[in-house]
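What follows is one structure encoded as structure tokens, with my remarks underneath.
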Amino acid sequence: MAQESNRGENARQEAERKSHGRQQRPWWYDPAFIIGIALFFFGGPLNYFSANPRILYLGALGASILIFYGVHQYVSSVERAKRGTPPPPLDPAAMSGTLKPEPTVLFSSESSSHTALEIGDSGARLDWHGQQGSPAIRIGEDVLTVERLANGNVAVTTTVRDPSGKIIAEIVRNDWKLRPSLLWDRNFNASAVEVRGETGEVILQVRALPDRIQLQGIWHSATGRFFELVRSPDPNHAGGLAILRPEQRVRIKPLFRYPSDQHLGELSN
């Protein structure tokens, strides 16, 4: 079974490589373009010296092929621009990366040009109007900072520790880095990262959207302070919760599927 799976994965990668190669082939190598040019020039100049109307038809056919080919190339380029550049393949061993905002909002919530931070996808948002780069929330000696970068994207900076004060994860302006020895697992894609601590509980969940950061997490300071931002689990009381006592903490629902070595980059919904 493992060998069949590997062969299937290799075949998929080879197909993607060939497909990528076709996409990168210069447009003037396309057979349709070559045939259109040949017929157009064959029917045009040759008809000048010949009274045979069939040769003129060949030139008209070549011109028609070139027109349809040009329209097809234009429409294809517009569609490629809408899809954007596909993200690079995920590295199963990666313990660091950079969050790139999703091109569209997949989960909930009205967008707002002033919104910087949302507690998960709860709709509860923190509109930060303070000085650029200044802390939005302070947790002991650590801070949570949200800011809008020069390119217009929203970025987050924070440090997450275990109860003993050891750093588990660090994010600096959407560049994240994890400490594998203190993790049970983690999962991520181009726009989101999720961290599960030694007990398997989700302790950090960050998702980058064009207008805001969706965030849930549990913070311990080196001096013993506790702080949690989490979506309310009560459907009758929707919104976000800020919890200050560890005995009252609420489990964060995983964003990704696990184990990550079998479901790398796969969202739970």
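Numbers for the structure displayed
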read-out	value
Extension gain (nm, one decimal) between Val75 and Arg179, 0.36 nm per residue minus Cα-Cα	32.8 nm
13 Å Cα-Cα reach of Lys177 towards aspartates and glutamates, excluding residues that sit fewer than 8 places from it in its own chain	Glu194
Size of electric dipole in the range 96-248: Cβ of Lys, Arg +1 and of Asp, Glu -1, about Cα centre, debye, nearest 20	300 debye
Dipole moment magnitude, nearest 20 debye, the range 174-231 about Cα centre, only Lys, Arg, Asp, Glu C-beta charged	80 debye
Per-residue ³J(HN,Hα) for the range 222-230, Karplus 6.51 cos²θ - 1.76 cosθ + 1.60, θ = phi - 60°, Hz, x for Gly and Pro	5, 9, x, 6, 10, 8, 9, 10, 8
Positive-end residue, the range 96-248 charge dipole about Cα centroid, Cβ charges, pick of Pro233, Ala124, Ser134	Ser134
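All of the numbers you see were taken from the coordinates with simple rules; none came from a lab. These numbers come from a predicted model, not from an experiment. Cβ sites come from the backbone with ideal geometry, for glycine too, and all protein chains shown count toward neighbours.
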